[in-house]
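Worksheet for the structure shown next.
The values are calculated or read from the model by the stated rules, or taken from the named source; none is laboratory data. These numbers come from a predicted model, not from an experiment. Note that each Cβ is placed from the backbone with ideal geometry, even for glycine, and that neighbours are counted across all protein chains shown.
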There are 2 protein chains.
Amino acid sequence: MYKVVLKATTMAHNLIKSVVTDGDLVVDATLGNGNDTIFLSGLTPNGKVYAFDIQDEAVVKFKKMIADENINNVEVINDGHENIDRYVHDKVKVIMFNLGYLPGADKSITTKKETTLIALEKSLELLMPGGLMTVAAYIGHDEGAKEAEAVLDLIKSLDSKKYSVMQISFLNRNNAPFLVVIEKNDNCRVNK
Amino acid sequence: MYKVVLKATTMAHNLIKSVVTDGDLVVDATLGNGNDTIFLSGLTPNGKVYAFDIQDEAVVKFKKMIADENINNVEVINDGHENIDRYVHDKVKVIMFNLGYLPGADKSITTKKETTLIALEKSLELLMPGGLMTVAAYIGHDEGAKEAEAVLDLIKSLDSKKYSVMQISFLNRNNAPFLVVIEKNDNCRVNK
């Protein structure tokens with residue numbers, strides 16, 4: 001057997017690994033089942049992960065899990081990611097968004113276009129130069145398709161001097177999620 | 001300063017590095033200035049790189065360079081990549097295409113839609129399960145735009161059971177090249 005490399009998660013994780021160093025502050029804007037938070041926590045043992053989720057269920061379950069595992073570099077925040085600026089005051093190296101609903105839970109509770117856009121705009125401000133933001137978006141349900149379109153509109157409008165923006169799409173699968181990766185440029189690159 | 005990670009070349013090279021092991025046979029379908037061939041040569045010192053280019057200028061220059069550097073795992077083939085099956089008879093791990101014209105040379109000599117499609121189809125057959133094909137396509141010139149469209153049409157039509165297909169686009173830059181990556185699936189994944 002061989003490893004499958006063309007997966008949105010694998011692509012996002014590999015890019016993030018290439019920029020994070022221990023001690024960095026990072027954000028999981030959508031805790032959900034906690035996979036991305038655990039991944040981030042392992043990359044910066046002496047740093048900190050801020051993990052947001054509006055659903056009590058996800059937060060309670062995850063807090064118990066990290067207590068059991070003695071993981072102590074994660075701050076779990078039971079609030080919507082659109083309020084990220086109330087909790088995160090320093091610049092961060094990475095912010096991950098995994099849009100849609102919590103797998104296995106109430107499918108009517110999904111991230112919503114309006115709050116997602118606010119969260120993305122605030123997150124761009126919080127990102128340090130050389131930092132990355134990743135957004136996995138799902139187009140297989142109605143709310144997801146509208147949200148995905150709004151995310152792409154925002155992304156395309158970003159000044160290419162300030163941000164490099166990449167979209168990864170899976171071409172021969174219907175309704176496959178796509179991944180957007182945004183890199184904040186260093187000021188010293190502006191005139192190059 | 002920091003390293004820029006969101007570049008088509010960097011993305012292609014990182015994905016290729018994750019699958020190639022020493023001893024593998026690999027192909028650079030478009031030698032050009034030789035950057036990809038040199039990269040591939042370093043990944044498989046005990047394997048072999050087949051490098052194709054129809055332009056004498058590129059071939060002569062590169063042959064001299066590898067002789068000077070004592071690089072002896074590259075077979076340079078002065079023929080169009082549409083004839084790949086005349087020279088490569090074993091399955092290969094990686095095939096790289098960098099479409100367009102040779103930087104710094106005659107811009108009227110570019111890869112062409114018709115021969116590119118033949119080369120891509122033959123290359124898909126030559127790829128081993130778990131192998132990757134990368135195609136960098138440029139839409140900044142007329143011939144390039146037509147070729148890019150034809151490449152995407154081919155790619156989208158591939159059976160998702162046999163191939164995973166990913167497109168990487170740069171959203172906020174006009175006429176930026178895009179990268180397509182195709183992974184050949186293992187037979188044992190078909191029914192999963």
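Right, residue A:64: basic (Lys, Arg), over 20 Å from residue A:123 (Cα atoms) and exposed (fewer than 14 other Cβ atoms within 10 Å of the Cβ) or not?
Details: basic (Lys, Arg): yes; over 20 Å from residue A:123 (Cα atoms): yes; exposed (fewer than 14 other Cβ atoms within 10 Å of the Cβ): yes.
Yes.
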Any hit, segment B:8-27, residues being part of a loop (DSSP other than H, G, I, E, B) and away from chain A (no Cβ under 14 Å): yes
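Please indicate, with yes or no, whether at least one residue in segment A:11-21 is over 30 Å from residue B:166 (Cβ atoms), modelled with pLDDT of 95 or more and in contact with a helix residue (DSSP H, G or I) (Cβ under 8 Å, 6 or more places away or on another chain).
No, every residue in segment A:11-21 fails to be over 30 Å from residue B:166 (Cβ atoms), modelled with pLDDT of 95 or more and in contact with a helix residue (DSSP H, G or I) (Cβ under 8 Å, 6 or more places away or on another chain).
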Hits in segment A:41-61 (condition: of a type in the set (Ser, Thr, Tyr) and either without any contact (Cβ under 8 Å) to a residue 24 or more places away in the chain or more than 22 Å from residue A:126 (Cβ to Cβ) (or both)): none
Lone unmet requirement of (1) closer than 24 Å to residue B:21 by Cβ; (2) within 14 Å of another protein chain (Cβ to nearest Cβ); (3) out of contact with any Pro (no Cβ under 9 Å at 6 or more places or on another chain); (4) of a type in the set (D, E, K, R) for residue B:75: (2)
Inter-residue pairs, beta-carbon under 6 Å, first among the acidic types (Asp, Glu) and in segment A:151-165, second surrounded by 17 or more Cβ atoms within 10 Å (Cβ to Cβ), 6+ apart: none
Of all residues in segment B:125-168 being surrounded by 18 or more Cβ atoms within 10 Å (Cβ to Cβ) and hydroxyl-bearing (Ser, Thr, Tyr), the one that is nearest to the other protein chains (Cβ to nearest Cβ): B:164
Segment B:169-188 - residue that is within 8 Å of chain A (Cβ to nearest Cβ) and more than 13 Å from residue B:131 (Cβ to Cβ) and, of those, surrounded by the most Cβ atoms within 10 Å (Cβ to Cβ): B:180
Check on residue A:36, touching a residue at least 24 places away in the same chain (Cβ under 8 Å) and part of a loop (DSSP other than H, G, I, E, B): no
